[in-house]
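Taking it in order: structure first as structure tokens, then the write-up.
The values are calculated or read from the model by the stated rules, or taken from the named source; none is laboratory data. It should be emphasised that the depicted structure is a prediction, and the values quoted were computed from it without experimental measurement. Cβ placement follows ideal geometry from the backbone for every residue including glycine, while neighbour counts extend to all protein chains displayed. Note: areas computed on protein heavy atoms with side chains; ligands, DNA, RNA excluded. Shrake-Rupley method; radii C 1.70, N 1.55, O 1.52, S 1.80 Å.
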Number of protein chains: 4
Amino acid sequence: MRLFKNDYSILAHPRIMNALNRCQNEENIPYGLDYHSKNAEKKILETFSSEGNVYFLAGGTQTNVLFISSCLKHYEGVISCSSGHINVHETAALEGQGYKIILVEPVNGKLLPSKVEEVMNTYQDEHMVKPRMVYISNSTEIGTIYTKQELLDLSNVCKKYHLYFFIDGARLGSALTSKDNDVEPSLLGSICDAFYVGGTKNGLLLGEALVINNKELAKDYRYHIKNKGAMLAKGYLVGIEFEEAFKDSLYFDIARKTNEVADYLKDGFNKLNLHTLYSPTNQVFLTIRKDQALDLIKRYGCEKWEDKGNELTIRFVTSFLTSKEDVDELIHYISTL
Amino acid sequence: MRLFKNDYSILAHPRIMNALNRCQNEENIPYGLDYHSKNAEKKILETFSSEGNVYFLAGGTQTNVLFISSCLKHYEGVISCSSGHINVHETAALEGQGYKIILVEPVNGKLLPSKVEEVMNTYQDEHMVKPRMVYISNSTEIGTIYTKQELLDLSNVCKKYHLYFFIDGARLGSALTSKDNDVEPSLLGSICDAFYVGGTKNGLLLGEALVINNKELAKDYRYHIKNKGAMLAKGYLVGIEFEEAFKDSLYFDIARKTNEVADYLKDGFNKLNLHTLYSPTNQVFLTIRKDQALDLIKRYGCEKWEDKGNELTIRFVTSFLTSKEDVDELIHYISTL
Amino acid sequence: MRLFKNDYSILAHPRIMNALNRCQNEENIPYGLDYHSKNAEKKILETFSSEGNVYFLAGGTQTNVLFISSCLKHYEGVISCSSGHINVHETAALEGQGYKIILVEPVNGKLLPSKVEEVMNTYQDEHMVKPRMVYISNSTEIGTIYTKQELLDLSNVCKKYHLYFFIDGARLGSALTSKDNDVEPSLLGSICDAFYVGGTKNGLLLGEALVINNKELAKDYRYHIKNKGAMLAKGYLVGIEFEEAFKDSLYFDIARKTNEVADYLKDGFNKLNLHTLYSPTNQVFLTIRKDQALDLIKRYGCEKWEDKGNELTIRFVTSFLTSKEDVDELIHYISTL
Amino acid sequence: MRLFKNDYSILAHPRIMNALNRCQNEENIPYGLDYHSKNAEKKILETFSSEGNVYFLAGGTQTNVLFISSCLKHYEGVISCSSGHINVHETAALEGQGYKIILVEPVNGKLLPSKVEEVMNTYQDEHMVKPRMVYISNSTEIGTIYTKQELLDLSNVCKKYHLYFFIDGARLGSALTSKDNDVEPSLLGSICDAFYVGGTKNGLLLGEALVINNKELAKDYRYHIKNKGAMLAKGYLVGIEFEEAFKDSLYFDIARKTNEVADYLKDGFNKLNLHTLYSPTNQVFLTIRKDQALDLIKRYGCEKWEDKGNELTIRFVTSFLTSKEDVDELIHYISTL
């Protein structure tokens, strides 16, 4: 039996561990200036058609706070869905560094350009925070994904209002390998000022790759990283991981597999006439009778998402280790409840 | 003709200016340690039945940020209506100092205890900001006021959840002298951890009196004020003003007069069959045809509050200098539009 | 008998109070956008030959923190003498906003260009704070003043290393009217990125005029001021004061008089064969037997400056109200000790 | 040939890598709540006789900033040697979070209790930062170590003045296994409020173990960690490493070996009549002719420490992989210069 709690319950994909083992006795330059990090940067820039810079960091909240704080003055704000990770699940990390989030209501977990327009029409006066950035997650916090057209529209509204555009890619792999996805990786290198390629939730031991397309925003960036306590002495650790993940299509292969198993899980739920929210990625949201939900939470480590009275919505997440057999076991178990 | 733009368009009430003129050649100890400040503190504590401390500051945003930042850790948040002054009209001053606001929807401009309960049921996990304070304004940003029972209920829910309770009193005078008010000033000294007595919007040259009832929260407060750049060298300036304002009932007399003139204005609007929002204090919100609204904004300096398509809601504010004759002139003008 | 404690023990110079009284019934636009503030800005820019902007603020620590924080990223530092006001007497206000001070040893209270060179040679690596600004006070914290050549040299070293140059002018009037001064006010408009014209210590009720010569640094400055809680609702209060102070030579006349009385005081000490530190402005530092020092501290409110074993150095400050008769009384008293 | 650049040029000690490999397929609870982290905490508390809590973090600067920022108000400061890592080599990370360092001159790299007394006698007024903590590193930035008596004296002066006492243990292993050391690990659990056990510089892939002895200071600590962006999703990664390092004496064995090789290196230098600074740990500071120094820097990656005109002081660091043969090769090379 396997947990469905999240996609970071296991140290690392075997190829990542093997890469580390291979490099164990190498002497490397510290602080991310090593060969592996340079090589990984090159591969990532190629993959996403970016002409910018890549910085390797330890975690997602850290990466979000680092990038947003490097762009904004303290009187400027970042527009985000109220469901955005930076608003809900980062313990005020961004505000803690001195930055306000301007909240808008999501539609299907996503930020619409019309909401950005509304904000710009409202915030026009020096007694209000000045909007300066748009933040989205892809895939979103509820597992939905942006279409190419939606991203282009957001990019355009950002240009219109001189807003920076930042994409949180904690689960970018899952978004770009979803069967519903129409976004080429190469779009990422030009459509936004920065995005990050999540490693922690996609088979790495730890690490996120922040890609800053807009080179002006990368000025003195290593000073900024150090100032925020986020510069890893053994930066080559994350460099080696990403070098391996982007040596070939490993990064996307891992993500695709988690999506396929998640789709298999959704099919399983459907066959049982159980209701799931639309999510074309590796997070699956099931609404089910409360007693059954509590049983599943206990047994499979699912997270409770929303209380709907007699029912609960709970979240199942698949990872690179989740197999169809694991899903079969789960579906069988539910059928016996 | 007089403007209806706000209640801080004029230097100071004559008695305040006279008090300053009287003290002009006195030598006073700096930084708020002078006799006048001590005396003003004593009178304010008596008026509001507080056993705490009073600190004199220069402005409202500064006072809000100072107090909230002195109570919270950076992982803790303050619950406020989305319409709250700290959220809307302070240019991210609070977030700029590192603190998150937890937003709830207001009802008639006010924060309901049930909303606090909802927040406490939702924010229970270390990946979310930890609620630690409730912030309200009285009178509210739309001129409404809290009843005694509403304040008691909020105070109780704060106690239940170990939340600090802070009342923004930028227009406290106007609230406590409204004809609909049932709150005795003496309630303020015990019902909350701190509140402030607004001077800038009630006839003073400048100055707000922060009353900290909860003495634990006043520890090292002068260090905190200085650290935030808010300690006035000539603190006795504000001390002299508040000493005069609370020498007798001047503070409340000023507020009552502005309310009475505001009521007279609402009557005038009603007689013209014009629609105003309910507000028992010195802010009057009129919804009127857009062309007329724009004309009034231009002539009387009213602020635009809300765009309702063919109509606008605009705000009229009365100050201690606004007379019934000023209102008559305004009403007459509107009747000619 | 008059205190010699500081230069802000008295509300305001009579002409300043008169100006306020004259304007008492005027309706003014709030937040510093009024006619008086515009007019005062114009006069100050003319006086100092600046083509920049002027912002009126409430106090010196606030002004220092505001300007420095608007220039620096959090990984950048400001070079200052260890004796600098921002380092010693502002309760970590600057660090509290997130900025490090790079300390160098003063010579005669002043910062030498060679010290800036040393810092630039040392701080060259992303693991150290990046120097980005030079801060000096004129007059200095021990009453000395910079010569024209010294300011030019500092300005040049700043240009060489792309450092901003900021002059704290809490006692700028006293510096520029010292009998030893060779700096024209018009030099200030071009030699540095910003400076401030201190009002609180030179006869105003309250207020400092921050002059930003470098217009790039003034971008969105009103947002910044509001974000730091420093925007005064009745900004016209400070505007009226500075308008009066720069209507003619009042600002400098006040300062010159305090210097003259301070010189008279130094002469008095010299005649008694008492030792004073060199200070050509309105702060006088006397080293005297400890028991006598303590007596003077008690009687005249002098501040203790340095403990030298059997002797203390204590500070006497003259203000616009200090007369030669006050000095005579003091000198006579000392002669009887 | 091996570099002598630092002690973090190699991924990890073989036993650490083996431990990770062993756990690769385990499902673990995220965010540091897993079994391995609990077990590692238990072993560390036992080793250092602490009754507190242990938190696993990614790096040293992060750990310093986290702990200090959790203790201090923004008007409070931390006393440190001017040579302290937090002052020199953390790119203003601590000030960036809003906290001032009160600098004192070191003696032999160490902070003397008398310096703390001096600070306490000087900083007594609300216009100055309020001292609240003492920070030291052991081993120090120049490789020296504190004696038991020195630590006891510092602890006592901290108690006398109600100052927190925090020990940066980035190279704690090296200090406690130095042949000159007389401090038992068990002293650490009671003598200070907190310390950290450095892993990154002592054979771990990454990770520092912050031990908070004073349980009051640990309140809501996980919220604080998350708020600072420092909570690792796969916290069990660091847990597994420390579990292995403290399973037996591995942590100290690694450190002892690096010290022994460093001693062997110092002997080698002495035999060549070359001058080294006193350092009983794994950092070796050699003063040598400039041309020779530059050659060694180029060949062995040594860091330049101090320019002494015709000579340079350069730093050699030994790590767990440095062998006597590596030293022999280095000494031989120098003898040929």
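Tabulated data
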read-out: Checking C:A233 against (1) under 15 Å from the mean Cα position of the chain (by Cα); (2) aliphatic (A, V, I, L, M); (3) open to solvent by 10 Å² or more (accessible area, probe 1.4 Å), the condition it does not meet; value: (1)
read-out: Extreme residue, least open to solvent (accessible area, probe 1.4 Å), among residues of region C:169-208 that are of a type in the set (S, T, N, Q) and within 14 Å of C:S50 (Cβ to Cβ); value: C:S186
read-out: Selection from region D:6-44 of residues that are open to solvent by less than 50 Å² (accessible area, probe 1.4 Å) and farther than 30 Å from A:G301 by Cα; value: D:N6, D:D7, D:Y8, D:S9, D:I10, D:L11, D:A12, D:H13
read-out: Evaluation of C:A19 against (1) in contact with a helix residue (DSSP H, G or I) (Cβ under 6 Å, 6 or more places away or on another chain); (2) more than 30 Å from C:K247 (Cα to Cα); (3) of a type outside the set (S, T, N, Q) (one fails), failing number; value: (2)
read-out: Odd one out for A:V211, checked against (1) more than 11 Å from every other protein chain (Cβ to nearest Cβ); (2) open to solvent by 20 Å² or more (accessible area, probe 1.4 Å); (3) under 26 Å from D:I225 (Cα atoms); value: (2)
read-out: Verdict on D:K5 being within 14 Å of chain B (Cβ to nearest Cβ) and in contact (Cβ under 8 Å) with a residue 24 or more places away in the chain; value: no
read-out: First in region D:76-96 and more than 8 Å from chain C (Cβ to nearest Cβ), second anywhere and small (G, A, S) and surrounded by fewer than 23 Cβ atoms within 10 Å (Cβ to Cβ), Cβ under 7 Å, 6 or more apart; value: D:S83/D:G109
read-out: Scan of region C:97-108 for residues that are within 11 Å of chain D (Cβ to nearest Cβ) and either of a type in the set (V, I, T) or open to solvent by 20 Å² or more (accessible area, probe 1.4 Å) (or both), ordered by number; value: C:Q97, C:I101, C:I102, C:L103
read-out: Conditions (1) touching a residue at least 40 places away in the same chain (Cβ under 8 Å); (2) open to solvent by 10 Å² or more (accessible area, probe 1.4 Å); (3) within 14 Å of chain D (Cβ to nearest Cβ); number of the one not met by B:K219; value: (1)
read-out: Residue ID - nearest to A:E26 (Cα to Cα), chosen from residues in region A:197-237 that are touching a helix residue (DSSP H, G or I) at 6+ places or on another chain (Cβ under 9 Å) and hydroxyl-bearing (S, T, Y); value: A:Y236
read-out: Residues satisfying the stated conditions in region D:63-96, i.e. open to solvent by 20 Å² or more (accessible area, probe 1.4 Å) and not small (G, A, S); value: D:K73, D:H74, D:H85, D:N87, D:V88, D:H89
read-out: Those residues of region D:294-337 which are under 14 Å from D:Q283 (Cα atoms), open to solvent by 40 Å² or more (accessible area, probe 1.4 Å) and within 14 Å of chain A (Cβ to nearest Cβ), in sequence order; value: D:E303
read-out: Filter result for the condition that a residue is touching a His at 6+ places or on another chain (Cβ under 8 Å) and of a type in the set (F, W, Y), over B:Y161, B:Y146, B:Y236; value: B:Y236
read-out: Sole residue being surrounded by fewer than 17 Cβ atoms within 10 Å (Cβ to Cβ), among the basic types (K, R) and touching a strand residue (DSSP E or B) at 6+ places or on another chain (Cβ under 6 Å), chosen from A:K290, A:K266; value: A:K290
read-out: Members of region B:248-280 that are in contact with a helix residue (DSSP H, G or I) (Cβ under 7 Å, 6 or more places away or on another chain) and touching a residue at least 40 places away in the same chain (Cβ under 8 Å); value: B:L250, B:Y251, B:F252, B:I254, B:A255, B:T258, B:N259, B:V261, B:Y264, B:L265, B:G268, B:L272
read-out: Strands (runs of 3 or more DSSP E) completely within region B:281-334 that count 1 or more residues being free of Cβ contacts under 8 Å to residues at least 24 places away in the same chain and out of contact with any Pro (no Cβ under 6 Å at 6 or more places or on another chain); value: B:283-289, B:303-308
read-out: D:G173 being part of a helix (DSSP H, G or I), within 25 Å of D:L112 (Cβ to Cβ) and touching a Gly at 6+ places or on another chain (Cβ under 8 Å); value: yes
read-out: Residue within region B:249-256 that is within 20 Å of B:G60 (Cβ to Cβ) and within 13 Å of chain D (Cβ to nearest Cβ) present; value: no
read-out: Qualifying residue in region C:148-167 (condition: open to solvent by 10 Å² or more (accessible area, probe 1.4 Å), touching a residue at least 60 places away in the same chain (Cβ under 8 Å), farther than 19 Å from C:T61 by Cβ and out of contact with any helix residue (DSSP H, G or I) (no Cβ under 8 Å at 6 or more places or on another chain)); value: no
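Matching residues to (1) closer than 26 Å to C:H127 by Cβ; (2) within 14 Å of chain C (Cβ to nearest Cβ):
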residue: D:K110; (1), (2): yes, no
residue: D:M120; (1), (2): no, no
residue: D:K130; (1), (2): no, yes
residue: D:F166; (1), (2): yes, no
